[in-house]
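The values are calculated or read from the model by the stated rules, or taken from the named source; none is laboratory data. All of these numbers come straight from a predicted model, not from anything done at the bench. A quick note on method: Cβ atoms are made from the backbone with ideal geometry, for glycine too, and the neighbour counts reach across all protein chains shown. Calculation scope for accessible area: heavy atoms of the full protein, side chains included, ligands and nucleic acids excluded. Shrake-Rupley method; radii C 1.70, N 1.55, O 1.52, S 1.80 Å.
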Amino acid sequence: MELFLYQIIDHVKEGMPDLSLVDENYGQLENIDQSEADMYPLTYPAVLIDLQEALWSNLEGRSQKGTVKVNVQLIIDCYDDTHYGSGTMEAIRQRAAMVEELHRLLQGYRPKEDGMLVRETSKFYTFNHGIKVYEMVYSISATDIIKDTQTVAPPRKVTVSVKKL
């Protein structure tokens with residue numbers, strides 16, 4: 001499953017080269033105010049991607065098929081004054097266009113041949129320091145094939161003795 005994460009990160013960075021950061025989500029946003037946390041700095045605009053969970057069902061043998069949830073966060077710092085009459089309301093449109101571009105890039109993307117990303121939920125919220133988070137959860141089907149191997153008995157131990165003459 002980790003291959004999904006690598007491929008999606010690569011796909012997003014190639015499709016949106018103007019992003020400052022595309023990375024695996026390992027708590028960067030939640031630790032933004034933790035000066036003692038040993039993390040790379042979060043720069044904007046950023047996309048953080050994480051595999052949330054997978055629900056599996058059994059196939060033949062030990063193989064399984066599952067649905068993987070992929071959480072994608074577009075994080076933008078919003079220092080623009082966007083109230084009516086400010087002259088900078090265009091920043092709202094620019095953020096909306098970035099969200100749309102990210103979704104178009106991900107919706108239907110196939111990191112593997114057996115599944116494609118399908119958006120399930122979206123939510124948008126503000127965070128500390130004037131940060132706006134656009135969060136989308138996608139699902140994708142995945143197959144984990146485990147080929148059965150044949151167990152073979154270990155070779156018999158051969159003892160060699162030397163006769164003295």
Using the Cα centre of the chain as the reference point, and only Cβ charges (+1 on K/R, -1 on D/E), how large is the resulting charge dipole? Debye, rounded to the nearest 20. 1480
Any chance you could look up the accessible area of PHE4 with a 1.4 Å probe, heavy atoms only, rounded to 10 Å²? 10
Would you kindly find the accessible area of ASP77, with a 1.4 Å probe and non-protein molecules such as ligands, DNA and RNA excluded, rounding to the nearest 10 Å²? 50
So which trypsin sites (Lys or Arg not before Pro) in region 20-112 pass both tests, a DSSP loop state and at most 15 other Cβ atoms within 10 Å of the Cβ? ARG62
Taking a label point 7 Å from the Cα of VAL99 along Cα-to-Cβ, the residues of region 43-58 whose backbone nitrogen sits under 17 Å from it are 45-48
Distance in nm between pseudo-label sites at VAL118 and ARG62 (7 Å out along the Cβ direction from Cα): 3.0
Counting only protein heavy atoms, what percent of the accessible surface of the chain is carbon or sulfur at a 1.4 Å probe? 51
For THR121, THR126, give the ranking by accessible area with the largest first, probe 1.4 Å. THR126, THR121
Considering the options GLN94, LEU42, ALA142, tell which one lies farthest towards the positive end of the dipole of the chain, charges being +1 on Lys and Arg and -1 on Asp and Glu at the Cβ, about the Cα centre. ALA142
Mean residue ellipticity at 222 nm from the helices of the chain, using -39,500 (n - 2.57) per DSSP H segment of n ≥ 4 over the full residue count, to the nearest 500 deg cm²/dmol? -6000 deg cm²/dmol
For the chain, build the charge dipole from Cβ charges (+1 Lys, Arg; -1 Asp, Glu) around the Cα centre, then report which of GLY66, HIS129, LEU106 sits farthest towards its positive end. GLY66
I need the calculated FRET efficiency for the pair ASP18 and ASP77, taking r as the beta carbon distance and R₀ as 22 Å, to the nearest 0.05. 0.95
Mind giving me the FRET efficiency for ASP144 and ILE92? R0 is 41 Å, r the Cβ-Cβ distance, nearest 0.05 is fine. 0.45
Per-residue SASA entry for ASP148, accessible area with 1.4 Å probe, Å² rounded to 10: 100
Nothing charged except the Cβ atoms of Lys and Arg (+1) and of Asp and Glu (-1): what's the magnitude of the dipole of region 1-75 about its Cα centre? Round to the nearest 20 debye. 420
